[in-house]
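These notes are about the structure you will find just below.
The values are calculated or read from the model by the stated rules, or taken from the named source; none is laboratory data. From a predicted model like this one, the values you see are computed outputs, not experimental measurements. Ideal geometry is used to build each Cβ from the backbone, glycine not excepted, and the neighbour counts take in all protein chains shown.
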Amino acid sequence: MDMSEEVLQQASPGLIPGSGTARAAKPTRLSPSFISWLQAGPMMLVFLAFFLIPLVFVVIVSFWDYNEYQLLPAFSGRGYTDTFEGCIAQLPDLCTIGKTYLMTLKLCFLVWALTLFIGFWVAYFLAFHVKSKTWQMGLSLLCTIPFWTSNVIRMIAWIPLLGRNGLVNSGLVKTGLIHQPLEWLLFSEFSVVLALVHLFTFFMVVPIFNSMVRIDKSLIEAAYDAGATGFQTLVNVVIPLAKPGIVIGSIFVITIVMGDFITIGVMGGQQIAAAGKIIETRVNALQFPAAAANAVILLAITFLIITMMSRIVDIKKEL
Amino acid sequence: MKEGRPRSFYVLAIFFAAYVLFLYGPMIAIYVLSFQGPQGGLTFPMNGVSTFWIAKLFQGTGIVDLGAAFRRSLLLGVIVMIVTVVLSVAAGMAFRRKFKAQSILFYSAIASLIVPSIITSLGISLEFRIIDDLIKAHWNENFETSMGLLTSGLGAHLTWTLPFGLLIMFAIFNRFDPRLEEAARDLGATPWQTFRHVVLPIILPSVIGIGLFGFTLSWDELARSSQAIGAVNTLPLDLQGLTTTVTNPDIYALGTVISAVSFTVISLALGTIHVLNRRQAAKGSDAGKGLV
């Protein structure tokens with residue numbers, strides 16, 4: 001319906017056949033709060049049905065009992081006791097779950113440090129050195145496009161490069177630097193960290209870039225005029241003002257790596273144990289309460305990390 | 001600061017170029033390798049050039065029923081896209097006024113984004129299992145399952161796409177001039193007319209961006225689908241299943257086909273956004289350009 005029809009409709013409803021029946025009834029004024037509910041309600045319902053209630057079920061089921069093939073809805077701490085099995089008996093050695101979390105935290109730290117370093121300088125380049133808006137848009141888009149493509153493909157893309165007969169190994173052998181192909185390039189901790197950095201640096205670049213473009217350029221000139229060196233300006237002006245972006249990016253990367261089981265599975269050759277991987281293994285064994293107990297533990301640790309980080313910055317203010 | 005570019009520019013430009021190469025290099029390698037000759041293996045050098053492996057995918061003689069998984073992923077992606085756009089725009093409008101439960105919805109969205117996917121996925125699968133058990137116990141003993149692509153699968157994907165949609169809407173309305181709506185109201189437009197003829201045309205490019213996020217995030221989604229999709233697999237799940245068993249380039253061919261769909265959708269969306277922006281610039285209003 002174009003504008004003229006719209007006006008016509010207003011003047012004399014019912015003149016245009018077939019239209020207006022839906023709104024023909026005298027519109028009763030809806031209260032603003034009711035309209036808000038109508039607008040926000042559907043999304044709230046989706047989160048309720050597919051996020052909040054499922055989380056409650058995870059907590060409830062973590063306290064249920066189980067046997068080889070089914071859930072038994074009776075209170076039991078077995079999910080947790082199975083998970084922490086041997087943790088006290090094996091002291092001072094770490095039990096399985098302890099080792100697994102240590103490994104997860106190690107991967108987490110490595111990936112966080114690398115994505116932060118790369119993400120910071122990429123964002124810095126885009127925000128401060130690329131002057132033309134068009135170039136800024138274009139180059140940002142260049143960094144974003146891989147984010148819209150499949151993660152698994154971006155993982156398996158490393159196989160032809162890092163495999164035993166891959167480009168890197170054959171290149172190194174040809175130049176005589178090594179005589180045997182390196183085994184640790186693929187299906188190792190190295191390849192897991194590499195793939196995670198490859199996949200998720202984007203989550204660092206975007207928030208840091210957002211913080212940086214908001215920095216008033218005259219502040220940097222003022223620092224320069226006041227005799228600050230480039231390094232002093234970076235440490236005392238740019239980094240403090242980019243802190244919100246750094247924290248938000250860090251929260252993203254850390255929570256993704258904490259719960260990851262796909263990258264660690266594919267790139268680790270299904271050999272590396274990690275927090276998310278235990279949950280998957282337990283589900284595959286149909287031990288749902290144990291899986292749920294592990295999920296609760298993972299959730300608690302993730303929540304702890306986020307609370308510590310959000311002490312530094314108010315997320316809501318930064319959006 | 002006008003004496004040419006500082007040395008740091010060149011250092012960082014090289015760093016940036018290296019990052020882009022790091023981003024794209026490996027992907028390009030597998031796109032090339034998917035055109036291996038029939039005798040070709042998983043790594044370079046190329047053993048002839050052919051479309052043998054891509055053709056093999058579509059013949060259905062390969063390892064997975066590509067066609068069925070492809071259609072399922074496409075169907076789910078399109079539905080997720082539509083639902084994400086509609087719910088995000090509606091909720092974005094709601095956030096322009098204060099309303100009760102505002103912060104509950106906001107924090108639900110943020111939490112849904114950062115709670116590890118495996119936990120959400122496990123929760124949805126437990127929820128549906130318990131619903132199934134209830135139905136079997138009280139109504140119908142022969143009931144199979146309520147889990148499926150368009151029930152639990154759709155819900156799982158929405159918990160991932162809706163937060164992005166909502167955050168993009170926040171960004172849009174942060175820059176939106178509410179005087180345009182006031183003007184429309186003063187001219188006697190109904191709320192729906194104001195939305196349809198004033199607000200929507202202005203935010204349309206960004207709304208297409210939300211659609212792009214909705215589709216591509218769903219099309220490539222893996223972690224949340226893993227436990228919640230039910231008996232059938234989506235295309236990324238099939239691909240992941242192949243990583244442990246396959247020794248032929250068909251895995252690269254499948255990767256190339258999935259990426260081709262992603263790139264088609266991305267270019268369509270970006271092209272549309274570009275055209276709409278140009279039209280807005282050319283035919284848009286003169287609001288804010290003087291005559292206060």
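Residues are listed down the side, and each one gets a yes or a no for (1) crowded, with 17+ Cβ neighbours inside 10 Å; (2) farther than 30 Å from A:LEU71 by Cα:
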{"position": "A:PRO244", "(1), (2)": "yes, yes"}
{"position": "A:VAL247", "(1), (2)": "yes, yes"}
{"position": "A:ILE254", "(1), (2)": "yes, yes"}
{"position": "A:ILE262", "(1), (2)": "yes, no"}
{"position": "A:ASN284", "(1), (2)": "no, no"}
{"position": "A:GLN287", "(1), (2)": "yes, no"}
{"position": "A:ILE297", "(1), (2)": "yes, no"}
Failed condition for A:VAL266, given (1) more than 19 Å from the chain's Cα centre (by Cα); (2) in contact (Cβ under 8 Å) with a residue 60 or more places away in the chain; (3) within 8 Å of chain B (Cβ to nearest Cβ): (1)
Selection count where residues are at the interface with chain B (Cβ under 7 Å from one of its Cβ atoms), surrounded by 20 or more Cβ atoms within 10 Å (Cβ to Cβ) and in a helix (DSSP H, G or I), scope segment A:149-188: 8
Any hit, segment B:91-107, residues being facing chain A (nearest Cβ under 9 Å), out of contact with any strand residue (DSSP E or B) (no Cβ under 7 Å at 6 or more places or on another chain), buried (at least 18 other Cβ atoms within 10 Å of the Cβ) and among the polar types (S, T, N, Q): no
Pick from segment B:116-139, criterion more than 7 Å from chain A (Cβ to nearest Cβ) and hydrophobic (A, V, I, L, M, F, W, C), ranking: surrounded by the fewest Cβ atoms within 10 Å (Cβ to Cβ): B:TRP139
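Restricting attention to segment B:96-144, and to residues there that are assigned to a loop (DSSP other than H, G, I, E, B) and under 17 Å from A:ALA49 (Cβ atoms), which single residue is modelled with the highest pLDDT? Give the steps one after another, and end with the answer.
Within segment B:96-144, the subset assigned to a loop (DSSP other than H, G, I, E, B) is B:96-101, B:115-116, B:139-144.
Next, from what is left, pick out any that are under 17 Å from A:ALA49 (Cβ atoms): B:101, B:115.
Numbers: B:ALA101: 84, B:VAL115: 91.
My answer is B:VAL115.
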Exclusive hit being more than 8 Å from chain A (Cβ to nearest Cβ) and surrounded by fewer than 23 Cβ atoms within 10 Å (Cβ to Cβ), set B:LEU242, B:LEU222: B:LEU242
Single match in B:ALA228, B:ALA189 (criterion: among the aliphatic types (A, V, I, L, M), free of Cβ contacts under 8 Å to residues at least 24 places away in the same chain, surrounded by 15 or more Cβ atoms within 10 Å (Cβ to Cβ) and more than 30 Å from B:PHE35 (Cα to Cα)): B:ALA189
Selection from segment B:70-99 of residues that are over 19 Å from B:LEU158 (Cα atoms), in contact with a Ser or Thr (Cβ under 7 Å, 6 or more places away or on another chain) and charged (D, E, K, R): B:ARG97
Hits in segment B:1-60 (condition: among the hydroxyl-bearing types (Ser, Thr, Tyr), surrounded by fewer than 18 Cβ atoms within 10 Å (Cβ to Cβ) and at the interface with another protein chain (Cβ under 8 Å from one of its Cβ atoms)): B:SER8, B:TYR24
When residues of segment B:145-189 are limited to those that are assigned to a loop (DSSP other than H, G, I, E, B) and closer than 30 Å to B:VAL199 by Cβ, the one modelled with the lowest pLDDT: B:ARG175
Subset of segment A:112-129 that is hydrophobic (A, V, I, L, M, F, W, C) and within 9 Å of another protein chain (Cβ to nearest Cβ) - its residue that is surrounded by the most Cβ atoms within 10 Å (Cβ to Cβ): A:VAL122
Single unsatisfied condition, A:CYS143 versus (1) within 9 Å of another protein chain (Cβ to nearest Cβ); (2) more than 26 Å from B:ALA260 (Cβ to Cβ): (2)
Among the candidates A:ILE178, A:ILE97, residue that is more than 18 Å from the chain's Cα centre (by Cα) and more than 30 Å from A:ALA291 (Cβ to Cβ): A:ILE178
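Let's see how each residue does on (1) farther than 26 Å from B:ILE119 by Cα; (2) free of Cβ contacts under 8 Å to residues at least 60 places away in the same chain; (3) within 12 Å of chain B (Cβ to nearest Cβ):
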{"residue": "A:SER218", "(1), (2), (3)": "yes, yes, yes"}
{"residue": "A:GLY230", "(1), (2), (3)": "yes, yes, yes"}
{"residue": "A:ALA242", "(1), (2), (3)": "yes, no, no"}
{"residue": "A:PHE252", "(1), (2), (3)": "no, yes, yes"}
{"residue": "A:GLN271", "(1), (2), (3)": "no, no, yes"}
{"residue": "A:VAL283", "(1), (2), (3)": "no, yes, yes"}
{"residue": "A:ILE301", "(1), (2), (3)": "no, no, yes"}
{"residue": "A:ARG311", "(1), (2), (3)": "no, yes, no"}
When residues of segment B:1-31 are limited to those that are of a type in the set (Val, Ile, Thr) and over 25 Å from the mean Cα position of the chain (by Cα), the one modelled with the lowest pLDDT: B:VAL11
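Looking at B:ALA260, B:ALA269, B:ALA231, B:ALA223, which is the one that is assigned to a loop (DSSP other than H, G, I, E, B) and within 17 Å of the chain's Cα centre (by Cα)? Please lay out each step first, then the result.
Details: B:ALA260 fails: assigned to a loop (DSSP other than H, G, I, E, B); B:ALA269 fails: assigned to a loop (DSSP other than H, G, I, E, B); B:ALA231 fails: within 17 Å of the chain's Cα centre (by Cα).
From the options B:ALA260, B:ALA269, B:ALA231, B:ALA223, the qualifying one is B:ALA223.
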